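Chemist: Here you go, one structure.
The values are calculated or read from the model by the stated rules, or taken from the named source; none is laboratory data. All values derive from a computational prediction rather than experimental measurement. Here the Cβ positions follow ideal geometry from the backbone for every residue, glycine too, while neighbour counts run over all protein chains shown. Heads up: the accessible areas ignore ligands, DNA and RNA and are worked out on the full protein's heavy atoms, side chains in. Shrake-Rupley method; radii C 1.70, N 1.55, O 1.52, S 1.80 Å.
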Amino acid sequence: MTADSKKALIVIDMQNGFIKAASPLCIRMAEATVPACSRVIREAHRQGLLVAYVTRLYREDGTDVELPRKALWEQGRPITRSAKGELSAAYPAEFECLPLDYHIVKPRFSAFFQTSLDLILRRNGIARLYLIGTTTPNCIRTTCYDAISLDYQVTLIEDCCSASTPEIQAANLADMRNIGAAIMSSAAFCAAGEAKEQA
């Protein structure tokens, strides 16, 4: 991360078990965001931003699965250490993971709930967060609200977030905009980085 960087990219739950159609926990619109997410991750690395992958990893017995997801999870038991292929906890192959990136496992929806994320961000002097991942009404939204409560500036990269339907996506983005989150596209994020470098 560069000395003057005060921004971080938070990549939330972009794991096979949430994005692949074979998984019972699949978010229908998530896989379509993989190319845009991949571009944003590479651009964040190019700009020297802190990048944190925040994910889930369930116990084999399911005792730590969120109650609203438990019945679906039991249909295939995805996102455990033993899950393979489209049910696994792995990131898409297109994603660039560098040695300095952070990898944080969260126990519930928010990336801040009972994790070290806030400590890591403050130790690195981070002021603005860019959020990408799935799912917009759950993990993205709770992370956004917690981040704003903790006095971070939040930007959601809209075509790098996903929900089960376009209507759910639009409604949640509107709610987060109304409480102070900025919304931008992946193209705008990448163009802003390029423009800053050329200035």
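Chemist: Going through Asn178, Asn138 one at a time, which residue ends up being out of contact with any Gly (no Cβ under 7 Å at 6 or more places or on another chain), over 21 Å from Val54 (Cα atoms), open to solvent by 20 Å² or more (accessible area, probe 1.4 Å) and of a type outside the set (Lys, Arg)?
Modeler: The unique qualifying residue is Asn178.
Chemist: Being in a helix (DSSP H, G or I), over 16 Å from the mean Cα position of the chain (by Cα) and farther than 14 Å from Ala30 by Cα is the filter here, so list the residues in region 165-185 that pass it.
Modeler: Hits for region 165-185 are Glu167, Ala170, Ala171, Ala174, Asp175, Arg177, Asn178.
Chemist: A further question follows. Hey, among the residues in region 51-88 that are in contact (Cβ under 8 Å) with a residue 24 or more places away in the chain and small (Gly, Ala, Ser), which one's surrounded by the fewest Cβ atoms within 10 Å (Cβ to Cβ)?
Modeler: Going through the qualifying residues, I end up with Gly85.
Chemist: While we're on this one: Evaluate the following for Ala192: is it part of a helix (DSSP H, G or I) and either over 18 Å from Ala32 (Cβ atoms) or modelled with pLDDT under 95 (or both)?
Modeler: Against the criterion (part of a helix (DSSP H, G or I) and either over 18 Å from Ala32 (Cβ atoms) or modelled with pLDDT under 95 (or both)), Ala192 qualifies.
Chemist: With the condition being over 18 Å from Asp159 (Cα atoms), I'd like the helices (runs of 4 or more DSSP H) fully within region 1-106 carrying at least 3 qualifying residues. I'd like the intermediate steps shown before the answer.
Modeler: Working: elements: 16-19, 34-47, 70-73.
Those helices (runs of 4 or more DSSP H) span 34-47, 70-73.
Chemist: Right, next: Could you look through region 107-133, keep only residues that are charged (D, E, K, R) and touching a residue at least 12 places away in the same chain (Cβ under 8 Å), and pick out the one that is nearest to Thr155 (Cα to Cα)?
Modeler: Here the residue is Arg128.
Chemist: Among the residues of region 150-164, which ones are out of contact with any Lys or Arg (no Cβ under 8 Å at 6 or more places or on another chain), open to solvent by 10 Å² or more (accessible area, probe 1.4 Å) and part of a strand (DSSP E or B)?
Modeler: Within region 150-164, Glu158, Asp159 meet the criteria.
Chemist: Now for a separate question. Name the residue that is least open to solvent (accessible area, probe 1.4 Å), counting only residues in region 165-175 that are hydrophobic (A, V, I, L, M, F, W, C) and more than 28 Å from Pro107 (Cβ to Cβ).
Modeler: Ala174
Chemist: Which condition number in (1) over 13 Å from the mean Cα position of the chain (by Cα); (2) part of a helix (DSSP H, G or I) is the one that Cys139 fails?
Modeler: (1) is the only condition that Cys139 fails.
Chemist: Additional query: Sort out which residues of region 1-50 are open to solvent by 40 Å² or more (accessible area, probe 1.4 Å) and hydroxyl-bearing (Ser, Thr, Tyr), and write them in order of number.
Modeler: Thr2
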